[in-house]
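What follows is a single structure, written as structure tokens, with notes after it.
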Amino acid sequence: MRSGRVSLHSVLRAFDESEFGPKNTLNLRESLPTVADARFRAEAWLRERQVGGATEVLIVTGRGNQSPNGVSPVREAILGLMPSLRRNGVVAEWREHSPGSVVVKLGSIRALLETPRRRRHRGEAELSPGPEALKDLEPDTIELLRRLAIRSLESLGVREPQSFVESEMLAKFNSLAASVQPGVEGEARLRAAINVALDQLDD
């Protein structure tokens with residue numbers, strides 16, 4: 001005979017789904033990824049959610065009850081990933097939500113774009129596209145990148161922004177390229193992220 005009781009776990013999960021929604025929840029506990037896969041998936045997902053306009057997201061790692069010493073290696077890997085993502089402007093802060101989940105507050109698009117490249121952690125791979133990558137973009141995307149570059153240079157007090165527009169366009173593109181997938185849909189997300197950045201610069 002089935003009990004009519006509702007488990008505490010089910011109640012808490014229902015609250016989480018109500019607060020964050022499926023789009024802003026990454027459940028690593030159910031898929032049981034390796035540590036390396038968990039880090040890769042989490043970073044890609046956090047970057048995508050950032051350019052998608054999310055402010056707070058939930059990563060479910062599991063408690064690690066079945067892991068050696070009762071410590072989840074996936075949870076440790078995700079927590080270890082946070083400092084580098086904060087240095088790169090993707091993450092603003094994070095906190096324990098439960099023994100098996102972490103709430104992450106994402107950085108603004110402006111923070112992502114303004115993170116100095118020299119602050120990137122040593123050993124972090126940087127496969128930055130060259131100027132030829134801009135030639136493959138649609139005219140509307142190029143124009144938005146140009147507006148963002150000029151606006152950014154003006155906000156920094158550059159007296160003759162036109163002299164630096166091309167290099168600034170490439171710098172902004174490189175900052176956003178890691179957060180969007182290639183293709184038509186990816187370019188649409190890129191344009192959306194640029195528009196958000198323009199709005200934030202005007203605030």
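Nothing in this text is a laboratory measurement; each read-out follows from the coordinates by a stated rule. Bear in mind the structure is a predicted one, so any value in this text is a computation, not a measurement. No Cβ is skipped: glycine too gets one built from the backbone with ideal geometry, and neighbour counts run over all protein chains shown.
Overview of values
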read-out: Burial order of peptide ranges 79-86, 147-154 (average beta-carbon count within 10 Å, highest first); value: 147-154, 79-86
read-out: Residues whose placed amide H lies under 5 Å from that of residue 27, excluding near-sequence neighbours; value: 60
read-out: Per-residue ³J(HN,Hα) for the range 24-31, Karplus 6.51 cos²θ - 1.76 cosθ + 1.60, θ = phi - 60°, Hz, x for Gly and Pro; value: 10, 10, 10, 9, 8, 5, 6, 8
read-out: Long-range HN-HN contacts of residue 91 with modeled amide H, under 5 Å; value: 86, 107
read-out: Environment charge of residue 153, counting only residues whose C-beta is closer than 10 Å and scoring Lys/Arg +1, Asp/Glu -1; value: -1
read-out: Backbone N within the range 134-149 under 19 Å of label point (7 Å from residue 195 Cα along the Cβ vector); value: 137-149
